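The structure under discussion appears below in the form of structure tokens.
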Amino acid sequence: MEKFTVHTGTAAPLRASNVDTDQIIPAEYLKRITRHGFEDGLFNSWRKDANFVLNRPAYQGVSVLVAGPDFGTGSSREHAVWALMDYGFKVVISSRFADIFRGNSGKQGLLTAVVEQSAVEQLWKIIEEEPSTPVTVDLEAQVITAAGFTTKFEVDSYVRWRLMEGLDDIGLTLKHVDEIAAFEAKRPSFKPTTI
Amino acid sequence: MGRTLAQKVWDDHVVRRAEGEPDLLYIDLHLTHEVTSPQAFDGLRAAGRPVRRKDLTIATEDHNVPTTDIDKPIVDPISRAQIDALRINTKEFGIENYELGNKEQGIVHIIAPQSGLTQPGMTIVCGDSHTSTHGAFGSIGMGIGTSEVEHVLATQTLPLKPFKTMAITVNGKLPVGVTAKDLILAIIAEIGTGGGQGYILEYRGEAIRALSMEGRMTMCNMSIEAGARAGMIAPDETTFEYVKGREHAPKGADWDAAVAYWKTLPTDDDAVFDREVIIDATKLSPFVTWGTNPGQGAPLSATVPSPDDFTDEVDKKATEKALEYMDLKAGMPIRDIKIDTVFIGSCTNGRIEDLRAAAEILKGNKIAEGMRMMVVPGSVRVRLEAMAEGLDKVFLEAGAEWREAGCSMCLGMNPDKLTPGERSASTSNRNFEGRQGPGGRTHLVSPAVAAATAIRGTLSSPADLVGSSN
Ligand code: SF4
């Protein structure tokens with residue numbers, strides 16, 4: 001995983017609440033068995049509308065998404081995170097994320113930055129007035145800056161550490177394989193097995 | 001201070017706890033299916049890692065499978081590729097897979113409880129958000145993403161932060177004709193689709209204790225629709241009775257040891273929840289959704305709300321958008337909404353009790369003119385059990401389709417889909433835009449409401465049938 005310290009890029013405003021994972025990427029795309037190339041499915045039905053924010057010329061090449069509350073609700077599909085990342089997003093900013101989505105994002109290296117809804121409104125205003133405004137997300141300082149506006153953001157401290165170190169979760173856990181084996185040795189015999 | 005059910009189960013699975021790190025939690029049972037696993041197996045292969053506990057892992061084919069002509073090759077090449085990938089992966093990594101045609105095959109959340117793999121006090125995960133279903137047994141059942149699937153395959157553990165706990169106490173008895181599905185839809189409408197975020201819910205109280213295991217599974221299944229990671233119900237005699245004698249249930253001395261342990265799990269009297277919600281069961285009536293998320297629901301006897309009924313700007317907008325998508329007028333009686341297709345099935349309501357409830361209402365009746373009704377058992381075993389009871393005949397005589405087991409019309413991943421503009425009354429769990437097929441409109445209902453709706457052609461409860469021409 002790539003290390004994440006500071007990211008600067010342009011941002012797209014997504015003025016919608018409760019953007020569920022079916023909207024982020026429809027079930028149709030879940031049939032694929034590869035891990036890359038999901039950008040074409042991102043916001044699939046909305047992208048058919050020429051006025052949808054990601055279709056507007058001013059928002060090409062964005063890497064930060066500023067969304068309404070309760071982003072990523074619904075199914076646990078990780079494809080939602082892959083689609084956002086394959087499209088080029090590095091950061092999603094919202095006042096509230098669904099738990100599973102946030103968990104999935106952390107594992108893949110997509111930063112979900114939680115800010116007050118008022119800060120979301122402020123950022124929307126800035127990037128709507130001037131879409132080319134660079135937005136800087138500093139993970140170390142946990143601060144977002146755009147055109148002189150600054151706001152702190154929240155992120156799980158463990159996820160932050162892992163993102164900053166670029167560490168793979170499984171490798172980290174396997175360092176504790178002895179403890180896992182010790183736990184297994186003590187499991188009661190009444191627990192079921194599948195075979 | 002005492003501990004809650006969730007805290008006890010959690011504590012008993014902590015492999016490692018360290019300051020500033022999430023707990024490393026042991027996973028008792030890992031359920032997999034064709035949709036969220038291929039990339040996880042790919043990851044293992046790339047890293048040269050084996051599956052740590054094949055004996056705690058099981059696979060089934062459910063999301064993509066057709067529910068007719070299952071002896072023919074799957075037509076859609078992408079669906080077929082996903083199923084093939086699961087077969088190759090499970091074979092290569094040594095995991096048992098219940099293939100289409102196997103009598104153990106079915107929806108992942110139906111097969112584990114029915115075979116006795118789901119028991120109280122376990123940690124159960126699956127790359128599917130409705131894993132919360134298994135909480136009905138007093139286990140922590142959690143949906144996980146594909147990276148986490150890979151993590152569990154490789155390590156049989158997950159690094160997780162403890163969740164907060166919320167008690168949802170349902171006092172009193174549910175009125176006759178009001179089911180677990182109505183209750184959970186009413187709870188979601190009450191606390192909202194984000195209300196459970198960060199929490200494990202525990203359903204308690206007289207009305208919950210009175211529910212069957214099937215009803216409890218329906219409740220816990222939909223916890224995720226309230227934003228919660230898991231929903232739980234303390235194990236009791238109803239739970240033990242259900243588990244006892246099933247294929248994977250403990251036997252002999254193991255059974256006694258297990259029951260003794262399970263009895264220690266219910267929340268202590270002096271335990272404190274982070275949040276409590278109290279619901280009066282006696283005030284409830286059949287409940288359905290009118291909008292495009294499971295929180296947009298109302299009693300069947302109500303009218304379609306207007307955006308003006310909401311003070312919050314976000315709710316107002318969401319209502320406006322939902323009414324437009326659903327093609328509904330504010331103020332119209334919900335009972336007048338005309339339905340094209342009724343779907344009975346899914347991991348929410350595809351169990352034997354659900355089919356019995358629907359059959360009881362359909363018996364001796366015909367579905368409305370022009371109505372399409374699909375009955376899809378959640379597993380092959382449910383299908384066979386229903387057929388042994390003659391339920392298939394009831395459905396067929398009423399004019400419904402009786403199909404093979406699978407997720408079917410719960411989501412648009414297999415041939416069972418709504419066409420654009422088509423309106424369904426569905427016993428599934430999600431009414432999101434396009435969930436049952438692009439442009440499809442979904443009303444979430446209980447099996448009883450689904451059956452009554454099929455007969456009358458408009459959203460109806462069984463009580464509406466009394467004295468009507470049918
Ligand atoms: S029935 Fe529906 S909700 Fe349940 S596992 Fe299948 S697709 Fe998911």
* Asked: Other chains' Cβ within 10 Å of A:13-20 residues: what's the mean?
  -> 4
* To do: Enter the mean number of other protein chain beta carbons within 10 Å of the beta carbon of each residue in A:31-42, as an integer.
  => 4
* Structure fact -> Test assert for segment B:194-219: residues whose accessible surface shrinks by at least 40 Å² between chain alone and all chains, 1.4 Å probe, equal B:Q197
* To do: Taking amide H positions as placed in the peptide plane 1.01 Å from N, state which residues far from B:R423 in sequence (5 or more) or on other chains have amide H under 5 Å from it.
  => B:D340, B:T341, B:R441
* Just how much of A:S157 is accessible, in Å², when a 1.4 Å probe is used and the result is rounded to the nearest 10? -> 70 Å²
* **Average partner coverage of A:167-173, which counts Cβ from other chains inside 10 Å** => 6
* Asked: What ³J(HN,Hα) values, in whole Hz, does the Karplus curve 6.51 cos²θ - 1.76 cosθ + 1.60 give for segment B:200-217 when θ = phi - 60°, with x put for Gly and Pro?
  -> 9, 8, 10, 8, 9, x, 4, 5, 6, 4, 7, 6, 6, 4, 4, x, 5, 5
* To do: Could you state the angle between the C-alpha long axis of helix A:99-108 and the longest principal axis of the C-alpha atoms of chain A, as a value from 0 to 90 degrees rounded to the nearest 10?
  => 90 degrees
* Asked: Using modelled backbone amide H atoms (1.01 Å from N, in-plane), which distant-in-sequence or interchain residues come within less than 5 Å of B:M232's amide H?
  -> B:L201, B:E202, B:Y203
* Mind running the shape call on segment B:320-470? Use the C-alpha gyration tensor, a ≥ b ≥ c as the square roots of the eigenvalues: rounded below 1.5 for a/c, prolate if a/b tops b/c, oblate otherwise. => oblate
* Given the C-alpha centroids of segment A:156-177 and segment B:337-384, what is the distance between them in whole angstrom? -> 47 Å
* Asked: When the C-alpha atoms of the protein assembly as shown are aligned to their principal axes, what extent does each axis show, in angstrom, from largest down?
  -> 70, 61, 55
* **For segment A:75-89, residues shielded by at least 10 square angstrom of accessible area compared with the chain on its own, probe 1.4 Å** => A:S75, A:S76, A:R77, A:E78, A:H79, A:W82
* Structure fact -> Ignoring ligands and nucleic acids, chains A and B bury, in total, an accessible area (1.4 Å probe) to the nearest 100 Å² of about 5300 Å²
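Filter the trypsin sites (Lys or Arg not before Pro) in segment B:72-143 to those in DSSP coil with at most 15 other Cβ atoms within 10 Å of their Cβ, and list the result. Kindly include the intermediate steps, with their values, before the conclusion.
On the way: sites: B:R80, B:R87, B:K91, B:K103; in loops: B:K103.
Passing sites in segment B:72-143 are B:K103.
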* Structure fact -> Heads up, segment A:1-103 by the C-alpha gyration tensor (a ≥ b ≥ c square roots of eigenvalues; a/c under 1.5 rounded, else a/b over b/c prolate, else oblate) looks rounded
* To do: Please compute the Cα-Cα pair-distance distribution of segment A:58-138 with 5 Å bins starting at 0, giving whole percents from short to long.
  => 3, 15, 26, 26, 18, 10, 2
* May I ask you to order A:88-94, A:110-116, B:125-131 by the average number of other C-beta atoms within 10 Å around their residues, highest value first? => B:125-131, A:88-94, A:110-116
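How much area per residue is accessible in segment B:370-458 when the probe is 1.4 Å and only protein heavy atoms are counted (Å²)? Before the final figure, lay out each step's value.
Working: 2320 Å² over 89 residues.
With all protein chains present, segment B:370-458 gives 26 Å² per residue.
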* Asked: What ranking of A:E39, B:E150 comes out by heavy-atom accessible area, probe 1.4 Å, highest first?
  -> A:E39, B:E150
* Return the carbon/sulfur percentage of the accessible area of segment A:63-195, one whole number, probe 1.4 Å, all protein chains in place. => 51 percent
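With the contact rule set at Cα under 8 Å and sequence spacing of 6 or more, what percent relative contact order holds for chain B? It would help to have the intermediate numbers written out before the result.
Values: 1136 pairs, mean separation 79.5, N = 470.
Once normalised by length, the contact order is 17 percent.
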* Asked: By how many degrees, between 0 and 90 and to the nearest 10, does the Cα long axis of helix A:117-129 differ from the longest principal axis of chain A?
  -> 50 degrees
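Round to a whole number: what % of the accessible area of chain B belongs to carbon and sulfur, probe 1.4 Å?
51 percent
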* **43 Å tail of the calculated P(r), chain B, as % of Cα pairs** => 11 percent
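In deg cm²/dmol, rounded to 500, what helix-only [θ] at 222 nm does chain B give when every DSSP H run of at least 4 residues adds -39500 (n - 2.57) and the total is split over its residues?
When only DSSP H runs of four or more count, the value is -9500 deg cm²/dmol.
When ligands, DNA and RNA are left out and all protein chains stay put, how many square angstrom of accessible area per residue does segment A:1-46 have with a 1.4 Å probe? It would help to have the intermediate numbers written out before the result.
Working: 1930 Å² over 46 residues.
Dividing the accessible area of segment A:1-46 by its residue count gives 42 Å².
Per DSSP helix of 4 or more residues, -39500 (n - 2.57); summed, then divided by the residues of chain A. What does that give at 222 nm, rounded to the nearest 500? Before the final figure, lay out each step's value.
Working: 7 runs with 60 residues, N = 195.
After summing the helix terms and dividing by the residues of chain A, the value is -8500 deg cm²/dmol.
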* Which parts of segment B:427-459, residue by residue, lose 40 Å² or more of accessible area when the rest of the protein chains are there, as against the chain isolated (1.4 Å probe)? -> B:F432, B:E433
* To do: Taking H placed 1.01 Å from N in the peptide plane, check which residues at least 5 places from B:V277 or on another chain put their amide H under 5 Å from its amide H.
  => B:A167, B:I168, B:T169
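Do any trypsin sites (Lys or Arg not before Pro) in segment B:169-248 lie in a loop, going by DSSP, with at most 16 other beta-carbon atoms within 10 Å of their beta carbon, and if so which?
Answer by residue number: B:K173, B:K244, B:R246.
The values are calculated or read from the model by the stated rules, or taken from the named source; none is laboratory data. Everything numeric in this text was worked out from a predicted model, so none of it was measured. Note that each Cβ is placed from the backbone with ideal geometry, even for glycine, and that neighbours are counted across all protein chains shown. Accessible surface is based on the protein model in full, side chains and every heavy atom, while ligands, DNA and RNA are left aside. Shrake-Rupley method; radii C 1.70, N 1.55, O 1.52, S 1.80 Å.
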